[in-house]
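Contents: one structure, followed by commentary.
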Amino acid sequence: MNLPRVVLRGLRAQVRQSETRLFLVALAFAIAALTTVQLGAQRTLDLLLAKAAEINGGDLSIASRSELPAGFVDGAAERGLSSALTLSFPSMLFAGEAQQLADVKAVSAGYPVRGELRVRDPGAEADRTGAPPGAGQAYADRRLLLALGIEPGARIELGTLELEVAAELVEDPDGSQLFAQAPRLLVGIDDARAAGLLGPGSRPSWRLLLAGRADAVRAYTEWLRPQLVPGQRLSRIEDAAENLRSAYDRGRSFIDLAVLLTLALCALAMWLALARMAEREADSSALLRCLGASRAEVLLLPLGQVLLLALPAALAGFALGLVAEGQVNRVLQARFALEAPPVDLAAALPGLLVLVALLLACVLPPLFGLLRVPPLRALQASSARPGLPVRWLFLPLLGLPVAGLMMGGDRTLVLVLLLGLASAAAVCGLLVWLVLRLLARLARSRAGLTRLALLRLVRKPLLVLLQGAALTIALTALLLSSRVAPDLLGQWQRTLPADTPNWFVLNIQPDQRTAFETELGRIGARTITVSPVAIGRLVTINDRPASEHPVADPGMARWRDGPLNLSWSAQLPGGNSLAEGAWWDAAAPGNGVSLEQRFAGRLGVGLGDRLGLRIGEQEVEVTVANLRATDWDSFRVNFFMVLEPAAAERVPHGLIASFNLPPERADGIRSLVRSFPNLSPVDVGAILDRIRDLVGELSAAARALLALALFAAALVLLAALAYAQAERRREAALLRALGISRGELARLMTLEWLVLGLVAAVVASGLAAFTGWLLARQVFQFAYAPGLSLPVLAALVALAVCALAAWAAARTATRTPPAESLRA
Amino acid sequence: MGGGNPILVAQGLGKHVDGPDGGLTILDGVDLTLNAGASLAIVGRSGSGKTTLLSLLAGLDVPSAGRVLLDGNDLSALGEEARAALRRRRVGFVFQSFQLIPTLDAYENVLIAAELAGIADARERSRQVLETVGLGRRLHHLPRQLSGGEQQRVALARAFVHAPPLLFADEPTGNLDGESARIVTDLLFDLRRRAGTTLVLVTHDLDLAARCEQRLALVEGRVAAAGTPA
């Protein structure tokens, strides 16, 4: 047989079959979704990261205690990155008689590389975007102006220099405000060098801030890493503030969830369509086998046609994905006024092709059943149905998780999601089996149509199982994308409520606490948390010098060797939950310490490890009693290390407070500083606003992508409903020939679908709730309580879908003359 | 074709379909009258329009021209729903490819027809008729567990369970070997005789046709000959 010619000749007939069309639509859609996400979500994330980079001050930063080599800047310029150098050091400032210790920050031309420097001119109401201060000029923040009792336009002394305060510094986009303990002065870097303050004994911090295209940043990072010497620290956006990383990770997880769901559903729809195709092709295959065709030829004929037809469908999907991605990108660019990096097709294409090949490999197995069609089938149609060897199932079972991981999905997320869908199928299978056994008993005592409907289900367990499982998976996915994920998104956004702390106050002395809290109440502060804070160092870990303790993450060396902020508390701090171990018992005081779990993991210590700390002049020996999961989004004051109060007795310390002050009451801070001149208030509202923006933007992207999953779920439903429809139509025609009425036929179909729909609805709502709970707990790390709406919605959708299926089947059967269906 | 009490009348019956090469006439100007209790064999070569004629006479399809009167009811004036109701009470079928419901066993296949016809003792009657066709010991076998001859006997039991006044049989022995065909034919005529059923039989088996009282020969969709076999 001239196989290529036969393959080509049958193409037109193949494409006319409804299951072939369904397969092609699902394939095109899957590829469109993949393309959109692989190119678009990456670009969207780049775009969002660019926005997030404003908080970090750049896409990348290198920090050091000594001046950074000029080659670092040249290397950045060669790779098309923009750069700016900053230098920070504490210094005493003088204005007439007044003096104040300030955090002086000097910046080079080109600063900032991300975000905007906002300043307010003397006498101006509104602030504006500012350039770095010129020679002889400086910007002072509100706290510094207050502390020195001056206004913009005044002159101050910095070392040997006299500078003019040209404007008030409103916002400095390098993320360091959060951590600055003293008021800030911004000056030009040449002035800072000329002030004569960088001699021996000074402790300057140098930072090189860099920004540019993602690929250039990656290339620069790879180039730079080997050149770094101890004391030079590289930090990417993802490594920046914990709360930023948490927002980024969650957003990314939501997007991954939507895409994985879409992909798995499209794969299922394709699988069902090809299973139907294999059923249809079985008779032709048996005939060809009778005529002497080999097994391989019998398989290659439909396989060749499927692959040939898949090519234009894949291209159409790719083009659709490109258009969709462009559209999404335009909207995002317009909304956030940011320039997105161009799509790097050459870089994305190989990955996409591998994913498409993987997807096809996952869904082709039903066709391999044709290898087992015996020639005997040509004589006895029912002699052998094309079964599927179980070994082929390993392809989707292995392929889909690999595809998920290749797309950069979080491992836990991929596992939870696929396990969720697989258990949907398994649980549904079990339930359907139980229900079928029950129905078999029930059928015996029933008469007429009811018995007929029940028997038709009971005698086709595999078909019912397949349709029930597909219906369940589609319903689970539908619930996940329409209810659970939006609920989780809503919950995420609610993690930053209106009264989230937007001010931190440092340097509170213990004896000021009562008066301070009274004053806070007077100025209208809410959500007040006051915690003790001390600065300590790790001296020993399990009785060996800490410096000899190996850390898995090189970035942790600074925590192991440098100063650590620590606190103590009798109760588990708000916004924290216990991950391992038990919280201490106030009745049995001891020397326990609680560590933030990620910090403990990176430091390489666990429950029961002994840590020696030096706090001030005191040596304290503590044992790791528990690990905490910390909600960094809560904007409370959080500590990596919290001691048991008994371990911190007589330790010299201060207090730190966080609270929310509505913007219209911001003047209260002025009176607070007047009452307690030693306090250092820090405005974290701006950062909070940016995080809120980021959460909103990622949520919007995830919601748009969840719509794709909804469409894919509809495709699966369609495939599940269409499965074995020809057989049902034929039986319906026979019953019509025997004189059954339209109403009776509709009742018969409804009864059949109702049983399937109800089983699917019960299993799907349970599984969607469970998957949601698991996702919330394992991936998104917050509590999730599914509402009653879940089973109600599942039942409504299942009923609607099944009623539609029954109506469509009855309608087709009653509209087509029975003779036509019986001939088919 | 005879006077007396006609149970089935066809007047100017025609069927045209649109094909890839234009319109196609399958049946053209067929007239026939069949009295209650009579038997008619429709004969002709493959593609002569025999099965199409049977489908139109039974109301399983609608004609492009002409009309059919079944038991005095003009099928053209009835909708599919009304035709189905008429078939339920008055008509039985035997198909060449048996057309049993694969998910029901032999007994259940017969029972569903009995229940549809509203027979009071449907269960008992179904059992009896299956015993009559010699399948009393195969009641709970699914169609795929029965031979072709046995499946056709189940179909006969189903067709006669409600003793219909009119039975349509489309090549009832076409898929059977000689011995099975003989058994099925004998059963068909025996059951018909006992129930007094009018029979319309499509066949190209001339021996089978000879057992009918009347014969109608079709050539390319037109009546070539009609009358009583010699």
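Readers should treat all values here as calculations from the given coordinates under stated rules, not as data from a laboratory. Just so we're clear, the structure is a prediction, and the values are computed from it rather than from any experiment. Quick reminder, even Gly has a Cβ in these numbers, built from the backbone with ideal geometry, and neighbours come from all protein chains shown.
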Among A:VAL792, A:VAL356, which comes first, second and so on when ranked by fewest other beta-carbon atoms within 10 Å? A:VAL792, A:VAL356
By count of other Cβ within 10 Å, fewest leading, how are A:TRP206, A:TRP773 ordered? A:TRP773, A:TRP206
Pair-distance profile P(r), taking every C-alpha pair of the protein assembly as shown, with 10 angstrom steps and integer %: 2, 9, 14, 16, 14, 11, 9, 7, 7, 6, 4, 2, 0, 0
Sorted by packing (mean other beta-carbon atoms within 10 Å per residue), highest first, where do A:711-718, A:618-625 land? A:711-718, A:618-625
Theoretical FRET efficiency, 1/(1+(r/R0)^6), r = Cβ-Cβ of A:SER18 and A:SER577, R0 45 Å, to 0.05: 0.30
Shielding by partners - mean other protein chain Cβ count within 10 Å, residues of A:730-738: 6
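Take the alpha-carbon positions of the stretch B:128-230, form their convex hull, and give its projected area averaged over all directions (one quarter of the hull surface) in nm².
If you wrap the Cα atoms of the stretch B:128-230 in a convex hull and average its projections, you get 7.3 nm².
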Modelling each spin label as a point 7 Å along the Cα-to-Cβ direction, I'd like the A:LEU311/B:ASP121 distance in nm, to one decimal. 7.0 nm
With r as the distance between the Cβ atoms of A:LEU419 and A:GLU157 and R0 = 51 Å, compute the FRET efficiency 1/(1 + (r/R0)^6) and round to 0.05. 0.15
If you wrap the stretch B:71-185's Cα atoms in a convex hull and average its projection over all directions, what's the area in nm²? 7.4 nm²
Among all the aspartates and glutamates, which ones have a C-alpha under 16 Å from A:LYS460's C-alpha, if same-chain residues fewer than 8 places away are not counted? A:GLU279, A:GLU727, A:GLU731, A:GLU752, B:ASP105, B:GLU108
Per residue, the convex hull volume that the Cα atoms of the stretch A:476-608 enclose (Å³): 200 Å³
C-alpha center-to-center spacing [the stretch A:99-156, the stretch A:596-615] in angstrom: 40 Å
Could you work out the local net charge near B:LEU187, counting Lys and Arg as +1, Asp and Glu as -1, over the other residues with Cβ closer than 14 Å to its Cβ? +2
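What is the mean number of Cβ atoms from other protein chains located within 10 Å of the Cβ atom of each residue in peptide A:458-465, rounded to a whole number?
Whole-number average of other-chain Cβ neighbours for A:458-465 is 1.
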Run the simple label-point estimate for A:ASP283 and A:ARG513 please: 7 Å along Cα→C-beta, distance reported in nm. 8.6 nm
Kirkwood estimate for the stretch A:559-616, i.e. one over the average of 1/r between Cα atoms, Å: 13.1 Å
Using the Cβ atoms and a cut-off under 15 Å, what net charge is assigned to the surroundings of A:THR476, where Lys and Arg are +1 and Asp and Glu are -1? 0
